[in-house]
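The values are calculated or read from the model by the stated rules, or taken from the named source; none is laboratory data. Note that the coordinates shown come from a computational prediction; the quantities given were computed from them, not determined experimentally. Methodologically, a virtual Cβ is constructed for each residue, glycine included, from the backbone with ideal geometry; neighbour enumeration extends over all protein chains shown.
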Amino acid sequence: MIAKWFQINERGSTVRTELLGGLTTFVTMAYIVVVNPAILAFAGIPVGPSTVATILTAVFGSLLMGLLANRPIAVAPYMGENAFIAFGLAALGIGWQQRLGAVFVSGVVFLVITLFPLGIGAQPHLLQSIAPGIIWVSALLAAMLSLDSLFRSDFDDGSLEQILLSAHPASLSVLAKVIAHWLVTGFPLLIVAPLLAVFLGMPTSSLGVLLLTLLLGTPVLSLIGAIGVALTVGLRRGGMILSLLVLPLYVPVLIFASNAVEMAGAGLPIQAQLNILISFLIMAVFLAPWPTAAALKMSIN
């Protein structure tokens with residue numbers, strides 16, 4: 001039954017060979033159970049939960065790869081991401097909860113990018129035409145999913161009051177928090193955008209414009225979202241209200257950015273769309289921190 005399910009004989013192998021290969025792979029990658037929690041401990045993540053999460057990720061990932069994909073590939077957390085969480089983002093003073101949130105957001109982005117082609121089917125031209133919108137919808141989801149944690153941990157432990165009462169202007173502190181939020185949610189999307197564009201079949205002529213629109217537009221999403229978060233941070237379940245507040249303000253950025261990428265692929269001028277995105281960014285940088293700081297002061301009083 002096992003040989004038939006995994007097509008072992010058809011692939012020129014035997015059950016014994018596959019068992020030895022699986023045992024060898026397990027022994028080779030078993031170090032991750034010890035090393036991964038040790039690295040994450042530098043980020044402040046408790047060793048016990050991270051050990052359990054590492055084991056469960058490896059078990060379920062490998063089972064899905066074998067039972068569904070029918071491929072002899074083991075899956076486990078990779079060390080580069082762990083080091084990025086433990087050491088890279090630590091230099092920015094970002095809490096480990098927010099760092100894991102960045103990993104979750106990246107997973108959602110790749111899930112969305114993967115599901116769109118499955119839903120559309122074998123229609124590469126249609127997928128290529130809507131690729132800018134797909135990537136920008138993923139950017140919007142990445143921003144939305146991580147917004148609630150922008151000030152939440154500071155509000156819960158009381159450090160938000162210390163930030164607002166410090167000698168530094170509250171607007172500058174807010175701007176610093178928003179920049180850190182963008183580095184966790186928007187900047188990683190800039191890094192993986194070329195891979196997503198290739199996956200969706202976008203023309204190479206549009207890639208530069210896609211990166212430019214993401215560079216101009218994703219900070220606007222974080223800055224606008226910060227206002228909504230500041231208004232709802234004192235609410236126990238403010239996620240729905242937050243979505244209602246910021247989603248209408250996100251739509252113009254989504255429209256102009258995706259349209260610029262689409263027109264660049266068609267060889268049409270895009271200066272007007274880029275100018276609008278630049279104006280959005282300038283207005284957001286200079287105007288958003290003040291109402292955000294004022295809303296935070298209202299929320300803690």
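Annotations
- Some residue of the range 151-169 being within 21 Å of the chain's Cα centre (by Cα) and surrounded by fewer than 18 Cβ atoms within 10 Å (Cβ to Cβ): yes
- L92 satisfies every condition listed in (1) surrounded by 15 or more Cβ atoms within 10 Å (Cβ to Cβ); (2) more than 22 Å from V35 (Cα to Cα); (3) modelled with pLDDT under 75 except (1).
- Single match in L172, L207, L211, L118 (criterion: touching a Leu at 6+ places or on another chain (Cβ under 9 Å) and of a type outside the set (G, A, S)): L211
- Within the range 148-172, residues that are within 12 Å of L296 (Cα to Cα) sit with their Cβ atoms under 7 Å from residues that are assigned to a helix (DSSP H, G or I) and aromatic (F, W, Y), at 6+ positions apart or across chains, in these pairs: L160/F151; S171/W290.
- Residue check, I270 closer than 22 Å to D148 by Cα, in contact (Cβ under 8 Å) with a residue 12 or more places away in the chain and either in contact with a Gly (Cβ under 8 Å, 6 or more places away or on another chain) or surrounded by 15 or more Cβ atoms within 10 Å (Cβ to Cβ) (or both): no
- Annotation note: of P188, P194, P248, the sole residue that is part of a helix (DSSP H, G or I), assigned by TED's automatic domain parsing to the domain that holds F104, closer than 19 Å to F280 by Cβ and not aliphatic (A, V, I, L, M) is P248.
- Any hit, the range 192-206, residues being of a type outside the set (G, A, S) and in contact with a Gly (Cβ under 9 Å, 6 or more places away or on another chain): yes
- Residue selected from the range 6-33 under the condition hydrophobic (A, V, I, L, M, F, W, C) and either touching a Lys or Arg at 6+ places or on another chain (Cβ under 9 Å) or surrounded by fewer than 11 Cβ atoms within 10 Å (Cβ to Cβ) (or both), by the criterion farthest from P46 (Cα to Cα): L23
- Criterion: free of Cβ contacts under 8 Å to residues at least 24 places away in the same chain, within 21 Å of the chain's Cα centre (by Cα) and either surrounded by fewer than 22 Cβ atoms within 10 Å (Cβ to Cβ) or part of a helix (DSSP H, G or I) (or both) - qualifying residue of L211, L254: L211
- Of the listed requirements (1) crowded, with 22+ Cβ neighbours inside 10 Å; (2) out of contact with any Leu (no Cβ under 7 Å at 6 or more places or on another chain), N275 misses just one: (1).
- The condition of being farther than 16 Å from V174 by Cβ and part of a helix (DSSP H, G or I) holds for I276.
- Contact map, the range 20-39: residues that are modelled with pLDDT under 80 paired with residues that are surrounded by 12 or more Cβ atoms within 10 Å (Cβ to Cβ) and among the small types (G, A, S), Cβ distance under 6 Å, separation 6+ or inter-chain. Pairs shown: I39/A86.
- Helices (runs of 4 or more DSSP H) wholly inside the range 1-77 that include at least 3 residues being under 18 Å from G107 (Cβ atoms) and within 26 Å of the chain's Cα centre (by Cα): 47-67
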